[in-house]
Amino acid sequence: MSAKTALVVVGVAVALAQPGRGKSEPTVPLPAPAATVARDFLNAFTRNDREAISQMLPKELKNLYGPSAFAALPELKKPRADKRVGAIDFRGSMVDSSLPSKGIIVLRLVEEDAVRAWRVRQIYWYERLPPEADIPETSRTAEDRLQEPKLRQAATEFIEAWIRQDYESVDGLTFHWWNVPRDPPKWVKMKGAHLTGRPTELDGLRVDFVAKVRFLRVIPRDIRGNLWLVEEEGEWRVRPLTFSFVF
């Protein structure tokens, strides 16, 4: 089983380095209800249970997306597409000092009212992108290269709307992956997760996790990553765009 296959089956688009990895970061108490939601979310994600995931997301748009992680529009470079998947690198100043200053925005090409448009699927921050990350490295065809200006435009519009807290526009520029049904992977099972609460300047609570997963029932693997949680109507909920896995 290759690393790329594992990324595809579990539904993760890219392998990441954990924000602040290798640095000593402060911790904060993790409320028991927040820990329960974090574990339930991770379990649902490894099962591709999109219905369960949707029930754990914030209902209000300002909570679903939260304040912008970008202090200003970052430098956007190297847009590339591979059919329906696009990516563009970013580098710039972040509101939360624990976040690396660079990363990747992953986009999906969708059909809306007979119009094809790029929508932001996920935002990933990293110190060093692993070589096995399942991300297009270049636009290989002429048709893909024609999409590069559109990728840059879509990412720019998303970040600008996010910075000005125009959450309706942000929502319209987002690919709602949690609404897309997927068959559950039959040979991936989460066996538990260690959670650590971290302070964040992005409102809510950052939770670092190390999930214990078994592939093919016998192959153990630790999966690291981050969740951003926010309280809404007295319940903890998970923001879907800044959630990340590390393989």
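Things to note:
- Scanning segment 192-247 for residues that are of a type in the set (Phe, Trp, Tyr), within 19 Å of the chain's Cα centre (by Cα) and in a strand (DSSP E or B) returns PHE209, TRP228, TRP236, PHE245.
- Residue within segment 78-97 that is within 29 Å of ASP40 (Cβ to Cβ) and buried (at least 19 other Cβ atoms within 10 Å of the Cβ) present: yes
Let's see how each residue does on (1) in contact with a helix residue (DSSP H, G or I) (Cβ under 9 Å, 6 or more places away or on another chain); (2) not polar (S, T, N, Q):
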residue: ASN179; (1), (2): yes, no
residue: VAL188; (1), (2): yes, yes
residue: PRO199; (1), (2): no, yes
residue: LEU216; (1), (2): no, yes
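- Those residues of segment 157-191 which are loosely packed, with under 15 Cβ neighbours inside 10 Å and either assigned to a helix (DSSP H, G or I) or not charged (D, E, K, R) (or both), in sequence order: GLN165, GLU168, ASP171, GLY172, ASN179, VAL180, PRO181, PRO184, TRP187
- The set of residues in segment 121-156 that are touching a strand residue (DSSP E or B) at 6+ places or on another chain (Cβ under 8 Å), exposed (fewer than 14 other Cβ atoms within 10 Å of the Cβ) and of a type in the set (Ser, Thr, Tyr) contains only THR138.
- Of the criteria (1) outside the structural domain of VAL106 (by TED's automatic domain parsing); (2) at pLDDT 95 or above, which one PRO220 fails: (2)
One line per residue, one yes/no per condition, for (1) touching a residue at least 12 places away in the same chain (Cβ under 8 Å); (2) touching a helix residue (DSSP H, G or I) at 6+ places or on another chain (Cβ under 8 Å); (3) more than 21 Å from TRP177 (Cβ to Cβ):
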site: ALA34; (1), (2), (3): yes, no, yes
site: LYS78; (1), (2), (3): no, no, yes
site: LYS83; (1), (2), (3): yes, yes, no
site: SER98; (1), (2), (3): yes, no, yes
site: LEU107; (1), (2), (3): yes, yes, no
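The values are calculated or read from the model by the stated rules, or taken from the named source; none is laboratory data. Keep in mind that this is a model prediction, so the values were computed, not measured. As a convention, Cβ positions derive from the backbone with ideal geometry for all residues, glycine included, and neighbour counts pool all protein chains shown.
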